[in-house]
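Report on the following structure.
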Amino acid sequence: MKKILYLECNSGISGDMTVGALLDLGADKDVLEKALDSLNLRGYHLHFGRTKKCGLDAYDFDVHLETEHEHGHEHEHSHEHEHSHEHEHSHEHEHSHEHEHSHDHDHSHEHDHDHSHEHRNISDIYKIIDCLAADERVKAMARRMFDIVAEAEAKAHGIPLEEVHFHEVGAIDSIIDIISVAVCVDNLGVDAIVVSPLAEGFGSVRCQHGVIPVPVPATANIASAYSLKLRLTDNEGEMVTPTGAAIAAALKTEDRLPSSCQILKTGMGAGKKEFKQANVLRAMILSDEEVTAGDEMWLLESNIDDCSGEALGLAMESLLDAGAADVWYTPIFMKKNRPAYMLSVICKKDQIESMEEILFIQTTTIGIRRHPVNRTVLPREKRTVMTQWGEAEIKVCRYKDREFYYPEYESVKALCRKSGLDYQTIYRNLQRED
């Protein structure tokens, strides 16, 4: 079963909306706070709470800055602009005021880094991420999101990447948003991520450089570079922030959802605006139960004409014990008309080295061919059933709306010996039991 994270961006996407949705899905808040503590950043505190958007209950995540000069923009906007239309303060949106305030990030702490300056370059951002107490994959995810924004800003302003100064996205709240997303995604342990088309508004916004159109240039550059689909709406104002677009670009691993899936859990992350539809980012954990097409495996082959049957038998057992998906022998004739066997192994790419080691040690082969192969695999599960002769295992496979029941050989054999009945009688009886 594949565990899929689906981000439904029908009301756009921003950093705080994404963090809220992931926390609502079940990402561990304690793990997140512990990770953020390790950054040694000051001048902010976190709010965790619930709010209602168009009557829908949603998780409200917010970063509150404690220094006036760094709080001159809306939290969810990574480029320090002001909207040309009226918008609400982050605490005026049908707020339930059921916030938890995290005081672990108090600015009175002593810190290794001085972040009081207004501008940061990409090297400064990397140094902050390097302090994160998390696995390297989390740090790499955070760096990638910042790289995507930096590339987009460099193109928008026509300057080299190294000259981009993060007076916008480098603000404390955006740093917290991006790193929080990386920590929460890793904590959820998903296998794939699908992002819907991003709903975007129209009009213009005012930033420190003047009035710019929606979608803002950095967001448009990210959407173009990473093939993000935008769905333009009649909502006035920005719905997709550069931070939100970078999150979508960095996280997306697949372009579409499976044709059928099961919803395991949903989460709602609240935005800070009011539109005619609920300003929320909905996230879902889905399980993929359809036929897995395009599943890439590797086929290893070796022609062997000088190895005993006993050695070949042990090699097969060793390969299967090591995790090979399948192993088989094919009778062949080699040069000088010698009878031989072609040993074939199906395995995953990361198993190639261990499989080849077994082949070289357990057989007399001196060479192995390998090439990738694709397969289509039916989803399956094992069930235990109780019969009048005892327990048995059955493999249940699905194809579209049909199910197939295959009793496991070892279970059939054990019940045959226990009952004295023949194989076919036990096999048919187990199929009926399920």
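The values are calculated or read from the model by the stated rules, or taken from the named source; none is laboratory data. What you see is a predicted model; the values in this text were computed from it and never measured. Cβ coordinates were reconstructed from backbone atoms using ideal geometry, including for glycine residues, and neighbour counts include every protein chain displayed.
Could you tell me whether Thr330 is among the polar types (S, T, N, Q) and in contact with a Phe, Trp or Tyr (Cβ under 9 Å, 6 or more places away or on another chain)? Talk me through it step by step, then tell me what you get.
Details: among the polar types (S, T, N, Q): yes; in contact with a Phe, Trp or Tyr (Cβ under 9 Å, 6 or more places away or on another chain): yes.
Against the criterion (among the polar types (S, T, N, Q) and in contact with a Phe, Trp or Tyr (Cβ under 9 Å, 6 or more places away or on another chain)), Thr330 qualifies.
Return the pair list, or none, for Cβ contacts closer than 9 Å from residues in region 349-362 that are without any contact (Cβ under 8 Å) to a residue 12 or more places away in the chain to residues that are of a type outside the set (A, V, I, L, M, F, W, C) and assigned to a helix (DSSP H, G or I), at least 6 apart or on different chains.
As it stands, the answer is Ile361/Ser318, since those pairs meet every condition given.
Matching residues to (1) of a type in the set (Gly, Ala, Ser); (2) touching a helix residue (DSSP H, G or I) at 6+ places or on another chain (Cβ under 8 Å); (3) without any contact (Cβ under 8 Å) to a residue 60 or more places away in the chain:
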{"position": "Tyr329", "(1), (2), (3)": "no, yes, yes"}
{"position": "Arg402", "(1), (2), (3)": "no, no, yes"}
{"position": "Glu410", "(1), (2), (3)": "no, no, yes"}
{"position": "Gly420", "(1), (2), (3)": "yes, no, yes"}
{"position": "Tyr427", "(1), (2), (3)": "no, yes, yes"}
{"position": "Leu430", "(1), (2), (3)": "no, yes, yes"}
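Anything in region 228-255 that is closer than 16 Å to Asp147 by Cα and either part of a loop (DSSP other than H, G, I, E, B) or of a type in the set (A, V, I, L, M, F, W, C) (or both)? List them, or say none. Even if it seems obvious, please write down each step before you answer.
Going through region 228-255, the residues closer than 16 Å to Asp147 by Cα turn out to be 241-252.
Scanning region 228-255 gives Thr241, Ala245, Ala246, Ile247, Ala248, Ala249, Ala250, Leu251, Lys252.
Just to be sure I understand, how many residues within region 385-419 are surrounded by 11 or more Cβ atoms within 10 Å (Cβ to Cβ) and either in a loop (DSSP other than H, G, I, E, B) or β-branched (Val, Ile, Thr) (or both)?
Looking only at that region, the number is 7.
Would you confirm, using the coordinates I've provided, whether Glu296 is within 30 Å of Ala192 (Cβ to Cβ), touching a residue at least 12 places away in the same chain (Cβ under 8 Å) and surrounded by fewer than 14 Cβ atoms within 10 Å (Cβ to Cβ)? Quick ask: steps written out before the conclusion?
Details: within 30 Å of Ala192 (Cβ to Cβ): yes; touching a residue at least 12 places away in the same chain (Cβ under 8 Å): yes; surrounded by fewer than 14 Cβ atoms within 10 Å (Cβ to Cβ): yes.
Taking the combined requirement at face value, the residue satisfies it.
Is it fair to say Thr51 is of a type in the set (Val, Ile, Thr), farther than 23 Å from Leu257 by Cβ and in the same structural domain as Ala278 (by TED's automatic domain parsing)? Before the answer, list the steps.
Working: of a type in the set (Val, Ile, Thr): yes; farther than 23 Å from Leu257 by Cβ: yes; in the same structural domain as Ala278 (by TED's automatic domain parsing): yes.
Considered against the rule, which asks whether it is of a type in the set (Val, Ile, Thr), farther than 23 Å from Leu257 by Cβ and in the same structural domain as Ala278 (by TED's automatic domain parsing), Thr51 comes out as yes.
Which residue, of Lys395, Lys348, is in contact with a strand residue (DSSP E or B) (Cβ under 7 Å, 6 or more places away or on another chain) and not assigned by TED's automatic domain parsing to the domain that holds Leu314? Break it down stepwise before answering.
Details: Lys348 fails: not assigned by TED's automatic domain parsing to the domain that holds Leu314.
Step by step, each of Lys395, Lys348 is checked, and only Lys395 is in contact with a strand residue (DSSP E or B) (Cβ under 7 Å, 6 or more places away or on another chain) and not assigned by TED's automatic domain parsing to the domain that holds Leu314.
Say whether the condition of being in contact with a Gly (Cβ under 7 Å, 6 or more places away or on another chain), crowded, with 18+ Cβ neighbours inside 10 Å and either over 19 Å from Ser174 (Cα atoms) or in the same structural domain as Leu264 (by TED's automatic domain parsing) (or both) is met by at least one residue in region 27-41.
Scanning region 27-41 turns up no residue that is in contact with a Gly (Cβ under 7 Å, 6 or more places away or on another chain), crowded, with 18+ Cβ neighbours inside 10 Å and either over 19 Å from Ser174 (Cα atoms) or in the same structural domain as Leu264 (by TED's automatic domain parsing) (or both).
Against the definition (more than 16 Å from Asn10 (Cα to Cα) and assigned to a strand (DSSP E or B)), how does Val194 come out, yes or no? Working first, answer last.
On the way: more than 16 Å from Asn10 (Cα to Cα): no; assigned to a strand (DSSP E or B): yes.
No.
Within region 234-275, track down each residue that is under 14 Å from the mean Cα position of the chain (by Cα) and surrounded by 19 or more Cβ atoms within 10 Å (Cβ to Cβ). Step through it out loud before you land on a result.
In the first step, residues of region 234-275 are kept if they are under 14 Å from the mean Cα position of the chain (by Cα); the result is 247-257.
Correct list: Ile247, Ala248, Ala249, Ala250, Leu251.
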